[in-house]
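Asks: Below you will find the structure I want to go over with you.
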Amino acid sequence: QVHLVESGGGLVQAGGSLRLSCAGSGRTFSSHVMAWFRQAPGKEREFVARRGWNGGTTYYADSVKGRFIISRDNAKNTVYLQLNSLKPEDTAVYYCAAGRTVVDGTSVYSYDYWGQGTQVTVSS
C-alpha cells in the first residue's frame with residue numbers, strides 16, 4: 001500500500017511560484033512511477049508530469065514544459081512539483097499519483113494510488 005498526501009497549494013498572482021509536496025508512506029514507494037495531474041472546474045483530470053523510479057524517465061505536458069519541475073527524494077518518501085511562471089490557466093486541484101507498472105504515463109488509469117489533492121489558484 002502507498003498513501004499519498006499533497007500540500008503546498010495556495011493563492012498566488014500570475015507569474016508567481018509554488019512548490020507542491022507529496023508525502024508518501026509504504027515500503028515500496030521508491031519502486032513506483034510518480035506523477036502529477038490536475039483538474040480544473042468542469043474539466044477532466046489532466047496529466048502534468050511524471051518521474052520514474054530509476055530517475056531517468058521524466059516527462060512533462062507541453063503546457064507546463066519549461067515552467068514546472070518534478071523531483072523526488074526517495075529517502076524522504078516525497079515527490080515535489082515546482083511550479084514557476086504560473087498562469088491563470090494553471091488554476092486547478094493538483095493530485096499526485098503512484099503506479100507500479102505504468103505503460104501510458106499520461107493516463108489516469110495507469111496509476112494505482114492517489115492523494116487527496118491540493119488547490120492551486122492563480123489570479124490574473
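The values are calculated or read from the model by the stated rules, or taken from the named source; none is laboratory data. From a predicted model like this one, the values you see are computed outputs, not experimental measurements. Please note: Cβ atoms are built from the backbone with ideal geometry, for glycine as well, and neighbour counts cover all protein chains shown. Just so you know, the surface numbers come from the protein's heavy atoms only, side chains and all, with ligands and any DNA or RNA stripped out. Shrake-Rupley method; radii C 1.70, N 1.55, O 1.52, S 1.80 Å.
Asks: Grab the Cα-Cα distance for Arg100 and Lys76, subtract it from 0.36 nm times how many residues apart they are, and report the gain in nm with one decimal.
Replies: Numbers: separation 24, 0.36 × 24 = 8.64 nm, distance 1.87 nm.
Full extension of this stretch gives 6.8 nm more.
Asks: Let me ask something additional. Take Gln1 and Gln39, extend 7 Å from each Cα along the Cα→Cβ direction, and tell me the distance between the two endpoints in nm.
Replies: The modelled label-to-label distance comes out at 2.2 nm.
Asks: Same structure again: With every protein chain present, what is the per residue accessible area of the chain (1.4 Å probe, Å²)? Each step should come with its number before you reach the end.
Replies: Details: 6510 Å² over 124 residues.
Per residue, the chain has an accessible area of 52 Å².
Asks: So, one more: In whole Hz, what ³J(HN,Hα) sequence does the range 29-46 give by Karplus (6.51, -1.76, 1.60; θ = phi - 60°), x for Gly and Pro?
Replies: Once rounded to whole Hz, the list reads 3, 5, 8, 9, 6, 10, 8, 10, 10, 9, 9, 8, x, x, 10, 6, 5, 10.
Asks: Also: Need the list of lysines near Lys43 for cross-linking: C-alpha distance under 29 angstrom, and skip anything on the same chain fewer than eight residues off.
Replies: Lys65, Lys87
Asks: Another question, if that's okay. Ranked highest first by average number of other Cβ atoms within 10 Å, how do 32-38, 103-109, 44-50 line up?
Replies: Working: 32-38: 25.7, 103-109: 12.7, 44-50: 19.4.
In descending order of packing, they fall as 32-38, 44-50, 103-109.
Asks: While we're looking at this one, here's another question. Got the relative contact order for the range 1-119 handy, in percent, Cα pairs under 8 Å and 6 or more residues apart? Don't skip to the answer; put the middle values down first.
Replies: Details: 266 pairs, mean separation 40.1, N = 119.
Once normalised by length, the contact order is 34 percent.
Asks: When the accessible area of the chain is split by element with a 1.4 Å probe, what percent falls to carbon and sulfur?
Replies: Numbers: 3090 of 6510 Å².
About 47 percent, which is the carbon plus sulfur part of the accessible surface.
Asks: Apply the Karplus parameterisation 6.51 cos²θ - 1.76 cosθ + 1.60, with θ equal to phi minus 60°, to every residue of the range 100-111 and state each ³J(HN,Hα) to the nearest whole Hz, in sequence, with x for glycine and proline.
Replies: With coefficients 6.51, -1.76 and 1.60, one gets 8, 10, 7, 9, 9, x, 9, 9, 5, 7, 8, 10 Hz.
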